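Worksheet for the structure shown next.
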Amino acid sequence: DVKVTQSSRYLVKRTGEKVFLECVQDMDHENMFWYRQDPGLGLRLIYFSYDVKMKEKGDIPEGYSVSREKKERFSLILESASTNQTSMYLCASRESSVGGELFFGEGSRLTVL
Amino acid sequence: AQSVTQLDSQVPVFEEAPVELRCNYSSSVSVYLFWYVQYPNQGLQLLLKYLSGSTLVKGINGFEAEFNKSQTSFHLRKPSVHISDTAEYFCAVSERAGGTSYGKLTFGQGTILTVHP
């Protein structure tokens with residue numbers, strides 16, 4: 001079975017802290033994505049990666065960065081967390097085909113105090 | 001750039017009634033279209049997708065959707081819903097080659113379907 005694993009289901013951080021959200025997939029997929037999900041706003045794309053060491057900005061990249069050193073792992077970094085980054089973060093992966101299905105992790109709920 | 005609008009944020013319906021969840025998209029090029037479902041406290045999973053061919057697409061759990069290019073719509077339907085269909089449903093679009101958003105999957109705002117007994 002396809003599996004996308006997000007390292008933390010719940011995190012609580014303080015304003016100004018550096019936050020790492022980790023995502024690992026076991027399907028040898030080329031593409032990986034980070035979205036944030038907020039009520040009434042749906043899913044908004046933060047960053048995506050076509051392949052190792054490649055990244056593209058999504059629709060809301062400000063305040064975030066990403067790292068993809070290995071094919072199976074895609075990390076989202078909040079350099080200095082702020083309260084408006086309190087949200088549910090979803091990682092997903094996909095084979096290289098643009099028409100392919102996205103497989104999602106269960107999400108990481110981040111609260112910034 | 002591509003965008004998706006889901007016209008209803010919440011849809012309440014009684015069990016065994018039909019339902020339609022509406023989705024409109026915008027793009028300067030041809031697109032692929034998707035519906036995903038998120039059950040409470042779970043991740044998203046694919047319901048169905050339109051890539052090409054027949055404009056009527058059938059998915060899991062008895063859902064189907066119709067691609068209408070002239071109206072730029074991809075509405076989701078089910079003839080008879082069950083309590084277990086209670087979930088949030090997301091429409092999504094991805095541009096085919098040539099678009100400025102190529103590679104991205106853009107989601108709508110979501111529609112919460114609540115099925116009452």
- Within the range A:81-113, which residues are touching a Phe, Trp or Tyr at 6+ places or on another chain (Cβ under 7 Å) and either more than 12 Å from chain B (Cβ to nearest Cβ) or without any contact (Cβ under 8 Å) to a residue 24 or more places away in the chain (or both)? A:Val98, A:Gly99, A:Leu110
- Item | Residues within the range B:78-117 that are within 14 Å of chain A (Cβ to nearest Cβ), assigned to a loop (DSSP other than H, G, I, E, B) and either more than 10 Å from the chain's Cα centre (by Cα) or without any contact (Cβ under 8 Å) to a residue 40 or more places away in the chain (or both), tallied | 11
- Scanning the range A:14-43 for residues that are crowded, with 17+ Cβ neighbours inside 10 Å and among the basic types (Lys, Arg) gives A:Arg36
- Item | Positions within the range B:31-77 being away from chain A (no Cβ under 14 Å), surrounded by fewer than 21 Cβ atoms within 10 Å (Cβ to Cβ) and touching a residue at least 24 places away in the same chain (Cβ under 8 Å), in sequence order | B:Asn61, B:Gln71, B:Thr72, B:Ser73, B:His75, B:Arg77
- Query: Got a number for residues in the range B:1-57 being out of contact with any helix residue (DSSP H, G or I) (no Cβ under 9 Å at 6 or more places or on another chain), farther than 27 Å from A:Glu106 by Cα and part of a loop (DSSP other than H, G, I, E, B)?
  - Reply: 12
- Query: in contact with a Phe, Trp or Tyr (Cβ under 8 Å, 6 or more places away or on another chain) and either in a loop (DSSP other than H, G, I, E, B) or basic (Lys, Arg) (or both) - does that describe any residue in the range A:62-74?
  - Reply: yes
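Throughout, read-outs are computed from the coordinates displayed, never taken from laboratory work. Model, not experiment: these values are computed from the prediction. Glycine also receives a Cβ, built like all others from the backbone with ideal geometry; neighbour counts cover every protein chain displayed.
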